[in-house]
Amino acid sequence: MEAWITNVMNELGYFGVFILITIENLFPPIPSELILTFGGFMTTITQMNIFLVIVSATFGSVLGAVLLYSISLYFGKERIKRIVAKYGKILRLKESDIDKADTFFARYGGRAVFFCRMIPLIRSLISIPAGMARMSFRSFIVLTTLGSLIWNTILIGLGAFLGESFGKAAAAIDSFSTVIYWVIGISVAVLLALFIKKRLSEARDE
């Protein structure tokens, strides 16, 4: 994965950053943390400009988010769940992920779109319930752009600041992402266990 990301950026420069971040938004398992910090690092060893790297990454974030928003807006929740049921293993998604994202969005709305752009994995998935809920496209674009801009600026800036220490930073960020994934997974498991326990209790009462 790292070698592929490196080759794309070396060959395509700013357009490579744009393409990689667009793909990362469509396929959450691809690590945006690594792409962005490496993009920052590239500004220290090439002629790439940090401002243009941030702009390229943000355009890629917005495009990927709009594509997911549009797809979910067109297909709706039930058809999206059927697609996930069929192709979920490829996308590393489950039907329950769609339900949870939908519930989360219903509770927090626009705030979820903004803040979730700065959380690994969730930053991509939040576009789906936003589209299913038919959130205002203008609000979606504004909040997505602002949240993505902050996330991209922090990580790209970190990569540029660390320079030759980028390798250590990438490893640390990768570990951070892994922790986040584990926390999300454990939280889902706990919520599922509580839900099953509640249902069993209700069944016994009946």
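The values are calculated or read from the model by the stated rules, or taken from the named source; none is laboratory data. Computed from a prediction, not measured in an experiment: that's the story for all the values here. As a convention, Cβ positions derive from the backbone with ideal geometry for all residues, glycine included, and neighbour counts pool all protein chains shown. The protein model used for the area step is the full one, side chains on, heavy atoms only, and it has no ligands, DNA or RNA in it. Shrake-Rupley method; radii C 1.70, N 1.55, O 1.52, S 1.80 Å.
Structure values in brief
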item	result
Residue in segment 55-69 that is of a type in the set (Val, Ile, Thr), touching a Ser or Thr at 6+ places or on another chain (Cβ under 7 Å) and without any contact (Cβ under 8 Å) to a residue 40 or more places away in the chain present	no
Residue, nearest to Met48 (Cα to Cα), within segment 136-154, restricted to residues that are more than 14 Å from the chain's Cα centre (by Cα) and in contact (Cβ under 8 Å) with a residue 60 or more places away in the chain	Thr153
Unique residue being open to solvent by 70 Å² or more (accessible area, probe 1.4 Å), at pLDDT below 75 and of a type in the set (Val, Ile, Thr) when the list is Ile83, Ile154, Ile90, Ile98	Ile90
Filter pass, Val17 being at pLDDT below 85 and hydrophobic (A, V, I, L, M, F, W, C)	no
Thr37 surrounded by fewer than 24 Cβ atoms within 10 Å (Cβ to Cβ) and either at pLDDT below 80 or more than 21 Å from Val113 (Cβ to Cβ) (or both)	no
Any hit, segment 136-150, residues being open to solvent by less than 40 Å² (accessible area, probe 1.4 Å) and of a type in the set (Gly, Ala, Ser)	yes
Any chance Lys168 is surrounded by fewer than 11 Cβ atoms within 10 Å (Cβ to Cβ), at pLDDT below 65 and more than 13 Å from the chain's Cα centre (by Cα)	yes
